[in-house]
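Q: My structure is below; once you've seen it, I'll send some questions.
Read-outs: derived from the displayed coordinates by stated rules, not from any lab. Predicted model, so just to flag it, every value in this text is computed and none were measured. Don't worry about glycine lacking a Cβ; one is built from the backbone with ideal geometry, like all the others, and counts go over all protein chains shown.
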Amino acid sequence: MPKVLITGAAGFLGSHLCDKFIKEGFEVIGMDNLITGSLKNIEHLFALAQFSFYNHDVSKFVHVPGDLDFILHFASPASPIDYLKMPIQTLKVGSLGTHNLLGLAKAKKARMLIASTSEVYGDPLVNPQPEEYWGNVNPIGPRGVYDEAKRFQEAITMAYHTYHGLETRIVRIFNTYGPRMRADDGRALPAFFSQAIENKDLTVFGDGSQTRSFCYVSDLVDGIFKLLHSDYTHPVNIGNPDEISILQAAKEVLEIVENTTSTIGFHGLPKDDPKVRRPDITKAKDILGWSPKISRKEGFEITYNYFKNTLK
């Protein structure tokens, strides 16, 4: 049975990855220091013989006994509300944490996949964003702690690949949503759903004309699984190219949430907030044979039902 270490295992994406790899017949070691993750996301796995969990900060030395075939590095605060509150931990998990795990991968001869982000493109001057675009990032702005942690993470991962011959993969993740997101994580969709369910006005920044491309979590997880098992070592965008404005997303949430009295409230735009976001997924289609399957309407319905049940 192949063995995989998944960091950030108790987080939104990490927990769904644990489920996927268990389902695919892997032994899964989850690791998380729980600063943004929750054991509730993985408690259904604790009874399984093929799952184990370590409460550990990967910014400190990482040891895993025995053989290891794969490492997926998904540990990091990932929403603005979290990384603005924890700027140094965010930089450390992207730098020291990645370095520690690359060292572990080298020692174990394991293949390592890192979770990079569309935020490496910053506030892009190109739309959609292909992997060849180098980005427009403010390194000393408030979002720089996340953007530059991920850019460094890509750089050191490629350095280990070229210098040590380590098997590495890099996924650039675009806006993803679905069950197990925290209602208070500050991202648009959890905020909209929780506000609409609680009859509060939906918080839209600026005039809401900035765009995002929302990918349902199961589609993203399938893309990551395919990338891990591919032979491609350069970054690959995984996301849904169906681009909409934030204002349109808010309106669609209001249409879905039953009996809400919420309306839309406009607030000042945060510093360095990207004006557009849309993945060019040509590489994912051509190299991995991957494209998203879940429509926004379907994904929004599933996510609404999740929040409706968890916010009771």
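Q: Name the GluC sites (Glu not before Pro) in region 222-281 that are in a loop by DSSP and that have at most 12 other C-beta atoms within 10 Å, would you?
A: Details: sites: GLU243, GLU252, GLU255, GLU258; in loops: GLU258.
Here the GluC sites (Glu not before Pro) that fit, given the DSSP loop and packing criteria, are GLU258.
Q: Next question. From the residues TYR83, LEU96, GLY144, which one has its Cα farthest along the dipole of the chain in the positive direction, the dipole being from +1 and -1 charges on Cβ of Lys/Arg and Asp/Glu about the Cα centre?
A: LEU96
Q: Build a GNM of the chain with springs between Cα atoms under 10 Å: which of VAL28, VAL257, VAL236 gets the top mean-square fluctuation?
A: It is VAL257.
Q: While we're here: Using +1 at the C-beta of Lys and Arg and -1 at the C-beta of Asp and Glu, which of LEU45, GLY289, ALA107 has the Cα lying farthest in the positive direction of the dipole of the chain?
A: ALA107
Q: A follow-up question, please. Taking the 0 to 90 degree range and rounding to the nearest ten, how far is the long axis of helix 144-164 tilted relative to the main principal axis of the chain, both from C-alpha atoms?
A: Result, in degrees: 30.
Q: So in the chain, what percent of DSSP beta bridges are antiparallel if you round to the nearest 5? Can you show the working numbers first?
A: On the way: 3 of 38 bridges.
So the antiparallel bridges in the chain amount to around 10 percent.
Q: On to the next question. Roughly how many whole Å is it from the C-alpha centroid of region 16-82 to that of region 205-282?
A: Their Cα centres are 25 Å away from one another.
Q: Something else about it: Treating only the Cα positions of region 1-159 as identical point scatterers, give the base-10 log of I(q)/I(0) from the Debye formula at each q in 0.08, 0.11, 0.16 Å⁻¹.
A: Log-scaled intensity ratios, in q order: -0.23, -0.43, -0.88.
Q: Between THR310 and SER52, what is the FRET efficiency for a Förster distance of 35 Å, r being their Cβ-Cβ separation, to the nearest 0.05? Present the calculation step by step, with values, prior to reporting the outcome.
A: Working: r = 26 Å, r/R0 = 0.75.
The calculated FRET efficiency here is 0.85.
Q: Please report the relative contact order for the chain, taking Cα pairs under 8 Å with a sequence separation of at least 6, and give it as a percent rounded to a whole number.
A: Numbers: 633 pairs, mean separation 53.7, N = 312.
Reported relative contact order: 17 percent.
Q: Taking amide H positions as placed in the peptide plane 1.01 Å from N, state which residues far from THR117 in sequence (5 or more) or on other chains have amide H under 5 Å from it.
A: ILE173
Q: Still on this model: Could you work out how much longer the chain between LYS40 and GLU258 gets when fully extended? Use 0.36 nm per residue separation minus the Cα distance between them, nm to one decimal.
A: 75.8 nm
Q: What does the charge dipole of the chain about its Cα centre add up to, to the nearest 20 debye, if the Cβ of each Lys and Arg holds +1 and the Cβ of each Asp and Glu holds -1? Mind dumping the intermediate values first?
A: Details: 34 positive and 36 negative charges, 87 e Å.
Dipole about the Cα centre, nearest 20: 420 debye.
Q: So between THR282 and HIS267, what do we pick up on full extension, going 0.36 nm a residue minus the alpha carbon distance? Before the final figure, lay out each step's value.
A: On the way: separation 15, 0.36 × 15 = 5.40 nm, distance 3.53 nm.
Here the answer is 1.9 nm.
Q: So what J values fall out for region 260-270 if you push phi through Karplus, 6.51 cos²θ - 1.76 cosθ + 1.60 with θ = phi - 60°, rounded to Hz, Gly and Pro as x?
A: 7, 9, 5, 10, 9, x, 9, 10, x, 6, x
Q: Cross-chain or 8 or more residues apart, Cα under 14 Å: how many lysine pairs in region 209-312 fit that? Count them up, please. Don't skip to the answer; put the middle values down first.
A: Numbers: LYS226/LYS283; LYS226/LYS285; LYS251/LYS297; LYS285/LYS293.
So the count works out to 4.
Q: Which length gain, in nm to one decimal place, applies between ASP67 and LYS200 when the Cα-Cα distance is subtracted from 0.36 nm times their residue separation? If you can, show how the numbers build up before the last one.
A: Numbers: separation 133, 0.36 × 133 = 47.88 nm, distance 5.06 nm.
So the chain would gain 42.8 nm between ASP67 and LYS200.
Q: Counting helices only, and only those DSSP H runs with n ≥ 4, report the 222 nm mean residue ellipticity of the chain as the sum of -39,500 (n - 2.57) divided by its residues, in deg cm²/dmol to the nearest 500. Walk me through the intermediate numbers first.
A: Numbers: 9 runs with 104 residues, N = 312.
Taken over the chain, the calculation gives -10000 deg cm²/dmol.
Q: If I model a spin label at LEU125 and GLU24 as a point 7 Å from the Cα along the Cα→Cβ vector, what separation in nanometres do I get?
A: Placing both labels 7 Å beyond Cα along the Cβ direction yields 3.8 nm.
Q: Taking neighbour Cβ counts within 10 Å as the exposure measure, how do ILE88, ILE22, ILE281, ILE140 sort from fewest upward? Walk me through the numbers on the way to the answer.
A: On the way: ILE88 10, ILE22 17, ILE281 25, ILE140 7.
Sorted ascending by nearby Cβ count, the order is ILE140, ILE88, ILE22, ILE281.
Q: If neighbour count is taken as other Cβ atoms inside 10 Å, put THR260, THR157 in order from fewest to most.
A: Lowest count first: THR260, THR157.
Q: Select from SER213, SER230, SER38 the residue whose mean-square fluctuation is largest in a Gaussian network model of the chain (Cα-Cα springs shorter than 10 Å).
A: For the chain, modelled as a Gaussian network with Cα springs under 10 Å, the answer is SER230.
Q: Springs between alpha-carbon pairs under 10 angstrom, Gaussian network model over the chain: which of TYR83, TYR177, TYR133 fluctuates most?
A: TYR133
Q: Along the charge dipole of the chain, pointing to its positive end and built from +1/-1 on Cβ of Lys, Arg, Asp and Glu, which listed residue (LEU269, ILE224, ALA9) has its Cα farthest out?
A: My answer, from the dipole projection, is ALA9.
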